[in-house]
Number of protein chains: 2
Amino acid sequence: MKNRAETQTVNRMNPVKPLIGITLGDAAGIGAEITLKALADARVRDSLEAVLFGDRVVLEQAIQQTGLRGEIVEIDSVENLHPEPGIHYLCDQHQLTAAAEMGRVSAACGAAAFAAIKTAVQWALEKKIDALCTAPINKASLQAAGVPFIDHTEILGHDTGTKSPLTLFVVDQLRIAFLTKHIPLRRVAESLSVPLVVEGLAATDRGLQQLGLSRRRIALAALNPHAGDSGLFGDEEETVLAPAVAAAAARGLEVYGPVPADAVFHDGLEGRYDAILSLYHDQGHIAAKTRDFHRTVSFTLGMPFLRTTPDHGTAFAIAGENRANPLSMIEALLAAARYG
Amino acid sequence: MKNRAETQTVNRMNPVKPLIGITLGDAAGIGAEITLKALADARVRDSLEAVLFGDRVVLEQAIQQTGLRGEIVEIDSVENLHPEPGIHYLCDQHQLTAAAEMGRVSAACGAAAFAAIKTAVQWALEKKIDALCTAPINKASLQAAGVPFIDHTEILGHDTGTKSPLTLFVVDQLRIAFLTKHIPLRRVAESLSVPLVVEGLAATDRGLQQLGLSRRRIALAALNPHAGDSGLFGDEEETVLAPAVAAAAARGLEVYGPVPADAVFHDGLEGRYDAILSLYHDQGHIAAKTRDFHRTVSFTLGMPFLRTTPDHGTAFAIAGENRANPLSMIEALLAAARYG
């Protein structure tokens, strides 16, 4: 944030807070609502300054619906940003001319959400913002708009030239990375190999480095019940996972395991490991979301900047009803401010 | 507990508390220690009376090690039991003549633990006790003693003539049953079938009936990420799980799902379902133990009496050091008292 700090004209008593870019997400969802609610949270106000990426009509509608007042000031350059209470700085995308019909899939909303992400990524790459926090988008709306990416991670990977962005879930002290994600459970065991697991452990280590952790104790979750109980219920612990941990250790990583999966996440919560590498989607997702559904934050690492996001969707069913819970968005913003 | 209540000679102000049988578990483990600590807990004292099954030397050693004093009164019949503070009623098994070497596998300890379970089961079948709560045993010690069963559930199933005892994990409002348990993860998908899942849902329903629940909303956890996302990442939801839910509903059960596994346990915690049927060991174990490792209680249902147990082992590594956490034992005892 040197750029901004150098051109800053406002005299501030406090150290410069990080500037977090927030994309408002799909206009028919809860994105703008949870953004406004989160920005009204005292911890968020104390921790960061924000610049919003989206459309004025969407933000106006959300201000109306939430009753959370605020003056919208449009900016197209960070130099014009002089944070003041009650002001929402908006980098208006000028995509939507009217408020969206809430809870509906629409090409216009998909295109608008896409445009906002692309602009925000540009700002992030130019180091105008310290980190990015994205409100949820709708995959169907993206598709309807002809966007050739299925989700944030694909867009971000493409626009930043990052081959394999790393997803890290964080809840309390527990950090969880994923080795495989959107594959059938029946394909998980056969998809494991020593090189894949070693690379997963190494990627997790790099992710923790990006977060600034000097000590990076990584535990590998086991695949089978009781880690296979010495081969009694599955042998992948012996044939793949233990050799991968040994190979990663030989590379100088501080790695442990395989640890039985019903203990390893608890160990992470207790601070015995700095991250857990989960072997399959639900293994880590069940852990994080059963522990604290509303406070699980997802990080995207391995890019030139940090991105966080609440781990939930657009909630079309309750969009526009001022009933959305901003807790995960609050945690995502605080995480962006802390690590960004 | 009619038998006991009828012969009760002590005049009590309060309604009769349930009488819970407690087996002390493996003498070289933390069983007697956590039992004494749990019995010293005010909530436990207020909720139940206890009769212990094990060996006097073991109990004496634990009294010594914990500093939790108490007079040991041996009984061989429930008629002699007149609960008083500071008295531990013990149905002495006369198996061990000397205190065990802590933390060591031994045939003598295995045989003693086995004897105590068999006696306690007999008392439970004769309705002398309202429910059974078992402290942890050691599988290797059981084996060393030539016991032809691998764990509590097998012993209990055999001695009560119960073909498939149902395990139910309980933590807070969340109740979790298991469809499969000790099989390799790679075998889970292929082991699913409509009849198996329907029977699992029905068994869960019967288990909830045994606990006295009049409403029994059971959710089936999905197998694949996002419940397969309409077949995109696996089709078992469409080919097996949804048809099984439909078949169970046709039988009159109140069943839901398949629900994505990273949401369903959270839903259970929120009280939206009365139980979740987990498809594989770690699915439910990760949920319960990441949620609250020390307060997860395991129930064994489908037998003529209720059995509960803390969800941990003998902890040989810290046995005899007065460091064991009694929280899970406390919860197991409270659960036995509440539902027994």
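The values are calculated or read from the model by the stated rules, or taken from the named source; none is laboratory data. Just so it is clear, the model here is predicted, and its values are computed rather than measured. Here the Cβ positions follow ideal geometry from the backbone for every residue, glycine too, while neighbour counts run over all protein chains shown. With ligands, DNA and RNA removed, areas are computed over all heavy atoms of the protein, side chains included. Shrake-Rupley method; radii C 1.70, N 1.55, O 1.52, S 1.80 Å.
Short version: ³J(HN,Hα) in whole Hz for each residue of segment A:65-74, in order, from phi by Karplus 6.51 cos²θ - 1.76 cosθ + 1.60 (θ = phi - 60°), x for Gly and Pro, what are they?
Running phi through 6.51 cos²θ - 1.76 cosθ + 1.60 with θ = phi - 60° gives 5, 8, x, 8, 6, x, 8, 8, 10, 7 Hz.
Any number yet on Rg/Rh for chain B, C-alpha, Kirkwood?
On the way: Rg = 20.8 Å, Rh = 20.8 Å.
Ratio of gyration radius to Kirkwood radius: 1.00.
Hey, for B:ALA42 with labels 7 Å out along Cα-Cβ, what do the inter-copy distances come to in nm, ordered shortest first?
Sorted ascending, the copy-to-copy spacings read 3.2 nm.
Just to verify a number: FRET efficiency for A:ASP41 and A:GLN173, C-beta to C-beta distance, R0 = 22 Å, to 0.05?
0.55
Anything losing 20 Å² or more of accessible area from the isolated chain to the full protein assembly: pick those residues out of segment A:216-236, probe 1.4 Å, ligands and DNA/RNA ignored.
Flagged in segment A:216-236: A:LEU223, A:ASN224, A:PRO225, A:HIS226, A:PHE233, A:GLU236.
Between copies, how close do the B:LEU213 label points come, placed 7 Å along Cα→Cβ, listed in nm from shortest?
3.6
How big a patch of accessible area, both sides summed and in Å² to the nearest 100, lies buried between A and B at a 1.4 Å probe?
Roughly 3200 Å².
Of all alpha-carbon pairs in segment A:157-243, indicate the percentage at a distance above 19 angstrom.
Looking at segment A:157-243, the distances longer than 19 Å represent 48 percent of pairs.
Using +1 on the beta carbon of Lys and Arg, -1 on that of Asp and Glu, and nothing else charged, what's the dipole of the protein assembly as shown about the Cα centre, debye to 20?
Working: 62 positive and 78 negative charges, 95 e Å.
Dipole magnitude for the protein assembly as shown comes out near 460 debye.
Using only alpha carbon positions, build the gyration tensor of the protein assembly as shown, then give the equivalent ellipsoid semi-axes as the square roots of 5 times its eigenvalues, largest first, whole angstrom.
Working through the eigenvalues yields semi-axes of 53, 26, 25 Å.
Per the helix-only calculation at 222 nm, which mean residue ellipticity applies to the protein assembly as shown, given -39500 (n - 2.57) for every DSSP H run of n ≥ 4 and division by its residues, nearest 500 deg cm²/dmol?
Numbers: 26 runs with 260 residues, N = 680.
Theoretical 222 nm ellipticity from helices: -11000 deg cm²/dmol.
For segment A:163-233 and segment B:271-340, what is the separation of their Cα centres, given in Å?
So the two Cα centres are separated by 27 Å.
How long is the gain from B:ARG272 to B:SER214 if the chain were fully straight, where each residue apart is worth 0.36 nm and the alpha carbon distance is subtracted? Working shown, then result.
On the way: separation 58, 0.36 × 58 = 20.88 nm, distance 1.48 nm.
Using 0.36 nm per residue and subtracting the Cα-Cα distance, I get 19.4 nm.
What are the distances, in nm and sorted shortest first, from the label point of B:THR162 to the label points of the same position in each other copy, with each label point placed 7 Å from Cα along the Cα-to-Cβ direction?
Distances to the matching label points in the other copies: 5.1 nm.
Run the dipole for segment A:166-302 about the Cα centre, Lys and Arg Cβ at +1, Asp and Glu Cβ at -1, nothing else charged, and hand back the magnitude in debye, nearest 20.
Charge dipole, segment A:166-302, about its Cα centre: 540 debye, nearest 20.
List for segment A:286-314: residues with 10 Å² or greater reduction in accessible area, all protein chains versus chain alone, probe 1.4 Å?
In segment A:286-314, residues shielded by partner chains: A:ILE286, A:ALA287, A:LYS289, A:THR290, A:ARG291, A:PHE293, A:HIS294.
In whole angstrom, how far apart do the alpha carbon centroids of segment B:53-127 and segment B:20-36 sit?
8 Å
Compute the relative contact order of segment A:38-91 as a whole-number percentage, counting only Cα pairs closer than 8 Å that sit 6 or more residues apart in sequence.
42 percent
Averaged per residue, what accessible surface does segment A:166-302 expose to a 1.4 Å probe, in Å²? Present the calculation step by step, with values, prior to reporting the outcome.
Details: 4530 Å² over 137 residues.
That works out to 33 Å² for each residue.
Counting DSSP beta bridges in segment B:166-302, what percent are antiparallel, to the nearest 5?
45 percent
With both bridge residues required to lie in chain A, what share of the DSSP beta bridges run antiparallel, to the nearest 5%?
30 percent
Whole number in Å², please: accessible area per residue of segment A:1-153, 1.4 Å probe, ligands, DNA and RNA not counted.
44 Å²
If you take every DSSP beta bridge fully contained in the protein assembly as shown, what fraction is antiparallel? Give it as a percent rounded to 5.
Approximately 30 percent, going by the DSSP bridge assignments.
Out of the trypsin sites (Lys or Arg not before Pro) in segment B:150-228, which ones are loop residues according to DSSP with at most 13 other C-beta atoms within 10 Å?
Counting only loop positions with at most 13 other Cβ atoms within 10 Å, the trypsin sites (Lys or Arg not before Pro) in segment B:150-228 are B:LYS163, B:ARG215.
Sequence neighbours fewer than 8 away in the same chain don't count; with that in mind, list the lysines whose C-alpha is under 19 Å from A:LYS118.
Here the lysines satisfying the reach criterion relative to A:LYS118 are A:LYS127, A:LYS128, A:LYS139, A:LYS163.
Report, to the nearest whole %, how much of the accessible area of the protein assembly as shown belongs to carbon and sulfur atoms, 1.4 Å probe, protein only.
49 percent
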